[in-house]
Amino acid sequence: MTLKSVLCAPLSALLLLQGCATQAGDPTRVQMVCAVEPTATESIAEPRRLAVVEQKVGFKDGTGPQVRSYTGAAAWPLLQACAQQAKAAADPHAQRVAPLGRYVLASGAGGYSAVFSVGELHPDFGNKGSIIAYAEHGAGEGDAAAGLRFTAPGDVLGSRYVAGLTRLEVRSSGSVGAGSGVAAPQAVQVLGAVKNTLNLDAAALRALPAVTHEVGGRRYTGVDLWSLLHTSAALEADGDSGANVQAMYLVATGADGYQALVSLAEMSPELGNRRVLIAYLLDGQPLARGLARVVVEGDGKAGRSVSALEAIEVFAAAPAAP
C-alpha cells in the first residue's frame, strides 16, 4: 500500500476522503465542499463504496415522458454533517433551524448546475430522496451512465438530474436580513433578483388573486408565491423554460430574524411543483403574529413556515469555482 492510498483511505462510515480533493476529476468520485463557514472545507466521496440505493423515477424531457431506474448512494447522509453544522450557542433552537437557511449546489458536466434547498432534501422536511447515481437503466443504448448523476425524484421535468456530477457544495444563503424586531410588521417586501421590488401591505396582498390550501390540517388563504414572482415581481430568469430558475432560490425573513430558504425549482410547476404561499388568513381568521406567513406545502415539519413575514429575497446562486 502506498502512502497516497493510506492518506486517502476511508476515514468515516460515510467514506469521505479528507484531504484528497485533487482526485475530484475521477468520474467515480464527487467533490464535497462545505462552505457554511468563512473557510470552506473539502473532501471526496466515492458513492460506489456506500450503501446501495435503487431508485425508479419518471420525468419529462424534450422527447416526452421518461422512466429511469438508477443505482447509487443516498445523498443526504453525505450532506448531513455540513448541512446541519452549527456553532455552539446558548439557544439550541437556533442550532436546529440553521440548516433551513442553506442550500446545495450540484454541479456537473459543462458547468451545468442546479440548486436544492437543504429543507427540500432534509428527511424531516421536504424529504426529496435524491441519490448520487452511478448506474442507469431505461435510457437505451446499453444504459451506460456517463459518470455520476444527482437525481431529483418527484420533479416534473428532468432538468435537475445533474449529469456528469463532479461537485456538491453546501452554502449559506448569503442573506443579510436580520428582521426589524417589531411585533407585527405591516408589509412584506419582495426584492433581489426581480425586476420589480414590491412592498405589499394588507390591501396590496388582498388585491392579488387568492388561493386556499390545507397544510398540516389547517386552511391557509393567501397569495401563491410562484405566481407573485412571475407576475408582479417579474422574476429575472429566462422566460418560462426554467433555464435559470433551477439555479435560483429565495430567503424568507421574519420580524424576529428567523429565516428559511426555498429553491425556486421546488416551487416551479414544471419542476418540483411544491406550492408555497404568502398566507394572511388561517382557518378564515387573521394570523396571530404579523400580517403574513410563508407556508410550504408538503413539508413534514413546519420549520420553513416563517411567521411575522417581513421580506422575501430572491437570489441566483453563483457558479461553482473552477
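The values are calculated or read from the model by the stated rules, or taken from the named source; none is laboratory data. This structure is a prediction, so every number in the text was calculated from the model and none was measured. Note that each Cβ is placed from the backbone with ideal geometry, even for glycine, and that neighbours are counted across all protein chains shown. Accessible surface is based on the protein model in full, side chains and every heavy atom, while ligands, DNA and RNA are left aside. Shrake-Rupley method; radii C 1.70, N 1.55, O 1.52, S 1.80 Å.
Data overview
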item: Residues of segment 177-212 satisfying the condition of being surrounded by fewer than 17 Cβ atoms within 10 Å (Cβ to Cβ), modelled with pLDDT of 95 or more and either under 15 Å from Val295 (Cα atoms) or of a type in the set (D, E, K, R) (or both); result: Asp201, Arg206, Ala210, Val211, Thr212
item: Failed criterion for Asp155 (all others in (1) under 15 Å from the mean Cα position of the chain (by Cα); (2) farther than 30 Å from Pro38 by Cα; (3) open to solvent by 20 Å² or more (accessible area, probe 1.4 Å) hold); result: (3)
item: Hey, Glu46 surrounded by 14 or more Cβ atoms within 10 Å (Cβ to Cβ), acidic (Asp, Glu) and farther than 13 Å from Glu169 by Cα or not; result: yes
item: Residues within segment 276-306 that are within 14 Å of Val211 (Cα to Cα) and among the hydroxyl-bearing types (Ser, Thr, Tyr), tallied; result: 1
item: Any hit, segment 260-270, residues being charged (D, E, K, R) and modelled with pLDDT of 95 or more; result: yes
item: Only listed residue being open to solvent by 50 Å² or more (accessible area, probe 1.4 Å), within 16 Å of the chain's Cα centre (by Cα) and of a type outside the set (Phe, Trp, Tyr), chosen from Gly110, Gly174; result: Gly174
item: Residue in segment 250-269 that is open to solvent by 20 Å² or more (accessible area, probe 1.4 Å), in contact with a helix residue (DSSP H, G or I) (Cβ under 8 Å, 6 or more places away or on another chain) and part of a loop (DSSP other than H, G, I, E, B) present; result: yes
item: Residues being in a helix (DSSP H, G or I) and open to solvent by 20 Å² or more (accessible area, probe 1.4 Å) - total across segment 63-78; result: 2
item: Identity of the residue in segment 309-318, out of contact with any Gly (no Cβ under 7 Å at 6 or more places or on another chain) and in a strand (DSSP E or B), that ends up most open to solvent (accessible area, probe 1.4 Å); result: Ala316
item: Residue in segment 281-289 that is of a type outside the set (Ser, Thr, Tyr) and more than 26 Å from Ser180 (Cβ to Cβ) present; result: yes
item: Matching residues, segment 295-322, being over 23 Å from Asn244 (Cα atoms) and hydrophobic (A, V, I, L, M, F, W, C); result: Val295, Ala302, Val306, Ala308, Leu309
item: Residue, nearest to the chain's Cα centre (by Cα), within segment 283-308, restricted to residues that are part of a strand (DSSP E or B) and farther than 13 Å from Val223 by Cα; result: Val306
item: Residues that are at pLDDT 95 or above and of a type outside the set (Lys, Arg), drawn from segment 215-230; result: Tyr220, Thr221, Gly222, Val223, Asp224, Leu225, Trp226, Ser227, Leu228, Leu229
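One line per residue, one yes/no per condition, for (1) β-branched (Val, Ile, Thr); (2) modelled with pLDDT under 95; (3) within 19 Å of the chain's Cα centre (by Cα); (4) open to solvent by 20 Å² or more (accessible area, probe 1.4 Å):
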site	(1), (2), (3), (4)
Gly19	no, yes, no, yes
Arg29	no, no, no, yes
Val33	yes, no, yes, no
Gly58	no, no, no, yes
Asp61	no, yes, no, yes
